[in-house]
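So the structure is just underneath, and the comments pick up after that.
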Amino acid sequence: MLRISLAGMTAAIIASALAAPAQAQQPSPFATTKVTDNVYIFRYANHQSMFVVTPAGVIATDPISERRPAKPYIDAIQAVTKAPIKYVVYSHLHFDHIAGGKPFKDLGAVFVAHRNAQARIAALKPADVVAPDQAVDGKRNIALGGTTLELNYVGKNHSDSTLVMRLPKEKIIFTVDWIPIQGIQFRGMADTYVPDIEEGLKKVIAMDWETLIPGHPGPGGKQTGTKDNAREELAYLQDLSAAVKQAVADGKSYADAQKEIKLPKYETWPNYNAFLSMNIERYFDFWNRGI
Ligand SMILES: [Zn+2]
């Protein structure tokens, strides 16, 4: 209880600091967005999670509370429903998305993740990550209060533990960090499997859905995308791969490829300038060294 009340105090301090006149122009660090009658996005600074509300309880996803209190997320859920939080489903292993879930555990939630995430958490024992109670291999459905949430594993992509959570009735998917809304892949694509990520994108594009909820808002704070965003991301990776393959065939060095390859179709995407050369290096390793 002490831990919860301290977390609450921290949230109150943050809230009052943001309410101070000097900070009046700052946007709130968190917000809830209704996507459909039963599906919501909780945004916490630049991370976002989906939660699904049913009469029998709530299916929450990533706690997104690394080094900050989870209370704003729990408060956001409880502002919508008094039904208990039954599940927390991890999108993939990465701690910036899954840390901070203990207050959800204290409320009795069952934690679910892909088998590979469960194994890695068991090996690393990160202090602020709740170990999953249940593991998913290829596919699992969570049925609760008349809603079905599919947990699909489509292979290795941005990690080897990424789930594609799909609500078949609502035609919504929630999957994190590999299908951004007009985004260059993050930095050097750490933990990303090439070219498996392209095969995974094809599988997701073939699924039946209309609305994408990614793990971070896109340009202009856009919180949801469409299948076109998945098609564009696949096109970006294929164009990048083809350009780097050619550079390797031409005998270019890493440095020359990074300097010379331009993909103007994507230059308006955020982080094009910051990350393109790092994305090039990742694909250079694949075409040059087979890794
Ligand atoms: Zn990630």
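The values are calculated or read from the model by the stated rules, or taken from the named source; none is laboratory data. Small disclaimer: the values here were computed from a predicted structure and weren't measured. Cβ: placed from backbone, ideal geometry, glycine included. Neighbour counts: every protein chain shown. Note: areas computed on protein heavy atoms with side chains; ligands, DNA, RNA excluded. Shrake-Rupley method; radii C 1.70, N 1.55, O 1.52, S 1.80 Å.
Given H placed 1.01 Å from N in the peptide plane, which residues other than close sequence neighbours of L144 have an amide H under 5 Å from its amide H?
It is L149, by chain and number.
Given a Förster distance of 22 Å, report the FRET efficiency between S277 and D239 from their Cβ-Cβ distance, rounded to the nearest 0.05.
Working: r = 15 Å, r/R0 = 0.69.
With a Förster radius of 22 Å, E is 0.90.
What distance in nm separates the simple spin-label points at K125 and K262, each placed 7 Å from Cα in the Cβ direction?
5.3
In sequence order, what are the phi-derived ³J(HN,Hα) couplings for the stretch 266-276 according to the Karplus relation 6.51 cos²θ - 1.76 cosθ + 1.60 with θ = phi - 60°, rounded to whole Hz, with x for glycine and proline?
Here the 3J(HN,Hα) series is 10, 5, 7, 6, x, 6, 4, 5, 6, 10, 4 Hz.
For the chain, give the share of DSSP beta bridges that are antiparallel, in percent and rounded to the nearest 5; count only bridges with both residues there. Walk me through the intermediate numbers first.
Working: 29 of 42 bridges.
If I count the DSSP bridges inside the chain, around 70 percent turn out antiparallel.
What's the whole-number percent of alpha carbon pairs in the chain lying beyond 23 angstrom?
On the way: 23805 of 42195 pairs.
So the portion of pairs separated by more than 23 Å is 56 percent.
Going out from 0 in 10 Å bins, what whole percent of all Cα-Cα distances in the stretch 140-291 drops into each bin?
Values per bin, smallest distances first: 11, 40, 32, 13, 4, 1.
Distances longer than 22 Å among the Cα atoms of the stretch 120-215: what percent of all pairs is that?
Working: 1556 of 4560 pairs.
Considering the stretch 120-215, 34 percent of its Cα-Cα pairs are separated by more than 22 Å.
First compute the accessible area of the chain with a 1.4 Å probe, then give the percent of it belonging to carbon and sulfur atoms. Present the calculation step by step, with values, prior to reporting the outcome.
Details: 7200 of 13200 Å².
Reported share for carbon and sulfur atoms: 55 percent.
Please give the calculated 222 nm ellipticity per residue for the chain, where each DSSP H segment of at least 4 residues contributes -39500 (n - 2.57) and the sum is spread over every residue; nearest 500 deg cm²/dmol? Before the final figure, lay out the partial values.
On the way: 9 runs with 106 residues, N = 291.
Dividing the helical sum by the residues of the chain leaves -11000 deg cm²/dmol.
Report, to the nearest 10°, how far helix 2-19 tilts away from the longest principal axis of the Cα atoms in the chain, using its own Cα long axis and a range of 0 to 90°.
The angle comes out near 70 degrees.
Which whole-number percentage describes the relative contact order of the chain, with Cα contacts under 8 Å and a sequence gap of 6 or more?
Values: 542 pairs, mean separation 35.6, N = 291.
Once divided by the residue count of the chain, the mean separation gives 12 percent.
Which whole-Hz ³J(HN,Hα) couplings does the stretch 39-46 yield from phi under the Karplus relation 6.51 cos²θ - 1.76 cosθ + 1.60, θ = phi - 60°, glycine and proline marked x?
My calculation for the stretch 39-46 gives 10, 10, 10, 9, 9, 10, 6, 9 Hz in order.
Calculate how steeply helix 115-124 sits against the longest principal axis of the alpha-carbon atoms of the chain, using the helix alpha-carbon long axis, and give the answer as 0 to 90 degrees to the nearest 10.
Helix 115-124 and the main axis of the chain meet at about 80 degrees.
Quick one: in the stretch 251-291, what % of C-alpha pairs are over 15 Å apart?
Value for the stretch 251-291 (Cα pairs over 15 Å): 40 percent.
For labels at A56 and E199 in the simple 7 Å Cα→Cβ model, what's the distance in nm?
Calculated label separation equals 3.6 nm.
Ranked highest first by average number of other Cβ atoms within 10 Å, how do 220-226, 145-151 line up? Each step should come with its number before you reach the end.
Working: 220-226: 14.7, 145-151: 17.7.
Listed from highest to lowest mean packing, they are 145-151, 220-226.
Is the shape of the stretch 32-189 rounded, prolate or oblate, going by the alpha carbon gyration tensor and its root eigenvalues a ≥ b ≥ c, with a/c under 1.5 for rounded and a/b larger than b/c for prolate? Could the numbers behind the result be given before it?
On the way: a/c = 1.29, a/b = 1.20, b/c = 1.08.
Since a/c stays below 1.5, the shape of the stretch 32-189 is classed as rounded.
Over the stretch 188-291, with the other protein chains present, what is the accessible area per residue in square angstrom, probe 1.4 angstrom? Could you put the intermediate results ahead of the total?
On the way: 5090 Å² over 104 residues.
Ligands and nucleic acids excluded, the result is 49 Å² per residue.
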